[in-house]
Amino acid sequence: MDSKRVYERHYAWIGLGALWIIGFIGAISRFIMASYQVQMSEDLDVGRGFISAAWSTNLFIAALCAPIGGKLVDRYGPRKVMLLASLFGISGTGLVYLGHQPVFFFTGYGILSGLAGLSASTAYVLIFQWFGRHKAKAAGILSSASSVGLAVCTPVFLSNENLTWEYAFMISALMGLILTIPLILFVIRPDKGNVPTDGKSETGVHAEKTDESSVAPTLRERLRWPLFIVAFALFTCGLNMGTVEMNLVAIHQQSDVSPGTIAQAMGILGVMEIVGSLAFGFLMDVADKRLSMMLLYGIRILGFWILLIHAPWSPAVFAVAFGITYLGAVPGGMLIAGQYANRKGSLVGNLMLFHQAGGILGALIGGLAYDAFGSYQVLIGLDAVLCGMAAAGYAVLKLRQYSRKGEMNVAA
């Protein structure tokens, strides 16, 4: 095998490493918001509802940008869109650090950083291009970037009294300038298009043969069932993440959990995210993806009920239960949906709109519920119910698959 072909086969993993670092840096601002919610409201002399509104505005703008970015990806390629989105994100975090006022905080994080949502589909499109039979593993590894960020950043933020939220935003902006921009410019290669129709990826690896390949869905099925169910599941996942990323620390604080226990639970959550992202990545490469998603949402139901009772052991057990499922839902949903569409950028962008919409509600309902009732119980219960509905949706997809195969066997 010539050296050029060897490099082509290995570049996918090199590119994945670059995407991992970019994802790690991009996630830091979310952990800052989750860790310093109380301090930010006090320093800026605003209510927690204002902080939740900034978070929700960020997600709302990112949600609107996701389908736009998906179309731009299909037209101009992931690399250019990723660069533009990174510049918006760096500008936003930099403005938060320099402004020190509510209006600059809202503009920087709520608006400018929200425009970074243009790149929501870029990493998935690149994985679709670079990988064949290892798509789920690659998506799981990529998802672990934010898990490492949670495991490393949150305990540092909570335990270091000298590290203020302003300095944390400054560090985020500097890392974007020093690492993210050079990686996009010099490591992520100009795009070469989608995976060829002969079944091989850009790296020469044979593309994955899905269990849907011999059962072509009708147009009605494409529009009404599979993509609708995936979209609802991603909406539920977004609401779950909005609950955890924005409100989990505050939920524990409301239950009089000690700072040390909170830091320990968040560390466990981050570690379990890493384990879970890899475990579900390998599972989805060897098992049915619908069954994997049913298992994932079933574990989430258990986790939220554990959180709802606020027992002394709830923080650690919830961290284990939710952490192992934290990052598997989005890659799993995207891979399932990818079997029903060719324009990957537009598909991923449109589905991320639903995921971001869930995140908006998760963050917003939490802040508003606390201001109104002094409790997060309604939000936690809603998370559990929607996870049950998402699991049922994937069960319907699996049953419909069996039904179609049975009809084909009878016809034969």
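The values are calculated or read from the model by the stated rules, or taken from the named source; none is laboratory data. All figures in this text were calculated on a predicted structure; none of them were measured in a lab. Cβ sites come from the backbone with ideal geometry, for glycine too, and all protein chains shown count toward neighbours. In case anyone asks, the SASA skips ligands and DNA or RNA and just uses the protein heavy atoms, side chains included. Shrake-Rupley method; radii C 1.70, N 1.55, O 1.52, S 1.80 Å.
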Discussion item. If I model a spin label at I178 and D43 as a point 7 Å from the Cα along the Cα→Cβ vector, what separation in nanometres do I get?
Written reply: 2.0 nm
Practice prompt. With a 10 Å radius around each residue's Cβ, average the other Cβ atoms per peptide and rank 243-254, 34-45, highest first.
Written response: 243-254, 34-45
Worksheet, complete the sentence: So, with points 7 Å from each Cα along the Cβ direction, the S255-I21 label distance in nm works out to 3.9 nm
Discussion item. Please list log₁₀ I(q)/I(0) at q = 0.08, 0.15, 0.16 Å⁻¹ for the stretch 222-401, using the Debye equation with identical point scatterers on the alpha-carbon positions.
Written reply: -0.24, -0.82, -0.92
Practice prompt. Would you kindly find the accessible area of I306, with a 1.4 Å probe and non-protein molecules such as ligands, DNA and RNA excluded, rounding to the nearest 10 Å²?
Written response: 20 Å²
Response to the item:
For the stretch 1-191, shape from the Cα gyration tensor axes a ≥ b ≥ c, cut at a/c of 1.5 then a/b versus b/c, turns out prolate
Discussion item. I'd like the carbon and sulfur percentage of the solvent accessible area for the stretch 222-401, probe radius 1.4 Å, heavy atoms only, ligands and nucleic acids excluded.
Written reply: 74 percent
Discussion item. Accessible area per residue for the stretch 222-401 in Å², computed with a 1.4 Å probe and the full protein assembly in place, what is it?
Written reply: 35 Å²
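In a shell of Cβ-Cβ distance under 14 Å around I51, excluding I51 itself, what net charge do Lys and Arg (+1) and Asp and Glu (-1) give?
Residues close to I51 contribute a combined charge of -3.
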